[in-house]
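Take this structure first; my questions come after.
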Amino acid sequence: MQKKIALINDLSGFGRCSLSVWLPILSVLKHECLLMPTALLSNHTAYPEYWLRDLTQDLDPWMDQWKKLHVNPDVILSGYISNAQQGEKILRFQNLFADISPLIIVDPAMADDGALYPGLNENTVAAMRKLCSNAKLILPNLSEACLLADISFSDSLPEDPDALIALGKQLQNLGPDQVVITGIPLIRESKKMVGCLVIDQNQAPLWILSEKIAAPRPGTGDVFSAVTAGCIINDISLVESVQIAADFVCACLKKSEEEKTPPFEGVPFELLLGDLFTVTTEKEPDENLSR
Ligand code: PXL
């Protein structure tokens, strides 16, 4: 049976991130997406300038109407918040549907390269920490993991696997059963790699390594969280879902080099969406269309 996933994130009109990435990816993975935008932006905040309309005051009526309609999401996936108050609204949303125990996944999208996104501050970090405490699975990148754990981000951290595992366990102690730290720069056999560290309550910590294709781009974290969440909901194991997501992000980065996509425009994932369709079906796409 098709699953309903509530997507709580900003809607950036340009630059391929947040809802404009989550919606197509989760749709191609065959889920029904329910959208609640936290803010509207002309473009993401990595650009030197952007226009933003904060939707904090609109979130209560939005979710109250959904409650009246019994939309009952099976999964709640949240991402970027433009202020700390939105964290409280998202917790309210989760509580509103607590009777059906939805799977709660948080992508604490708030930082890159050790720096918070423009416009965010330590109150936003505290709000994200609270959201992560109430989640089953969280997907921070290394910068976000450090902020959540309140430790300083250092370039030498990736060279110490034990410290990274300790960091993952510290985040697990906040509340989530599963923590995936993404985008960890590593060198293996003098090759540049990118690692994901998977910390799962019932398993030993596990690394998923990919070759470093190109410099990171805005929106790759959103691609990663959408694919991981979408696969998990299709009953694929966490480790396999993370592997599929890491492979897809690598393929997207490769494509952006081929297509010469301007870095601020993220990755041209649209060109590879078809590859995701077959992840969750044994039937060929044509066979489905011909019904
Ligand atoms: O891709 C993460 C993200 C989400 N939302 C907004 C952003 C960014 C990254 O820059 O600016 C508004």
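The values are calculated or read from the model by the stated rules, or taken from the named source; none is laboratory data. Values in this document were obtained by computation on a predicted structure and should not be read as measured data. We place every Cβ from the backbone using ideal geometry, glycine too, and count neighbours over all the protein chains shown. Note: accessible area is taken over every heavy atom of the protein model, side chains too, but ligands, DNA and RNA are not part of it. Shrake-Rupley method; radii C 1.70, N 1.55, O 1.52, S 1.80 Å.
Once you have the Kirkwood Rh of the chain from its Cα pairs, apply Stokes-Einstein at 10 °C and 1.306 mPa s and quote D in µm²/s.
Roughly 83 µm²/s, to the nearest whole number.
Let me ask something else. Could you provide, to the nearest whole Å², the per residue accessible area of the chain with probe 1.4 Å?
46
A further question follows. So which lysines pass the test for Lys4, namely a Cα distance under 19 Å, with those fewer than 8 places away in the same chain ruled out?
Straight-distance partners of Lys4: Lys30, Lys67, Lys68, Lys136.
Excluding Gly87 itself, calculate the net charge of residues whose Cβ lies under 12 Å from the Cβ of Gly87, where each Lys or Arg counts +1 and each Asp or Glu counts -1.
Here the count lands on +3.
Rounded, prolate or oblate, given the Cα gyration tensor of segment 22-91, with a/c below 1.5 counting as rounded?
It comes out oblate by the Cα gyration axes.
Could you please state how large a percent of the accessible area of segment 1-125 is carbon and sulfur, counting protein chains only and using a 1.4 Å probe?
Carbon with sulfur: 54 percent of the solvent-accessible area.
Would any residue of segment 176-202 have its amide N under 18 Å from a label point 7 Å out along Cα→Cβ of Glu159? List them or say none.
184-195
Mind listing the Cα extents of segment 1-142 along all three principal axes, in Å, largest one first?
Per principal axis, max minus min of the Cα coordinates gives 42, 30, 30 Å.
For segment 104-215, what class follows from the C-alpha gyration tensor (a ≥ b ≥ c being the square roots of its eigenvalues): rounded when a/c is under 1.5, otherwise prolate if a/b is larger than b/c, else oblate?
The shape class here is oblate.
Taking GluC sites (Glu not before Pro) as candidate sites, keep only those in a DSSP loop with at most 12 other Cβ atoms within 10 Å, then name the longest stretch of the chain containing none of them.
50-188
Given the Cα-Cα distance of Leu96 and Gln2 and 0.36 nm per residue of separation, how much length would full extension add, in nm?
Extra length from Leu96 to Gln2 when fully extended: 31.7 nm.
Sticking with this one: So between Asn234 and His70, what do we pick up on full extension, going 0.36 nm a residue minus the alpha carbon distance?
Extending this stretch completely gives an extra 56.8 nm.
Lysines within cross-link reach of Lys260: Cα-Cα under 22 Å, excluding same-chain residues under 8 positions apart?
Lys192, Lys212
List the chymotrypsin sites (Phe, Trp or Tyr not before Pro) within segment 1-95 that DSSP assigns to loop and that have no more than 12 neighbouring Cβ atoms inside 10 Å.
Listed in order of number, the matching sites are Trp51.
Also, I was wondering about something else. Any aspartates and glutamates with Cα under 13 Å of the Lys3 Cα? List them, leaving off those in the same chain fewer than 8 positions away.
Result set, ordered by chain and number: Glu32, Asp74, Asp235.
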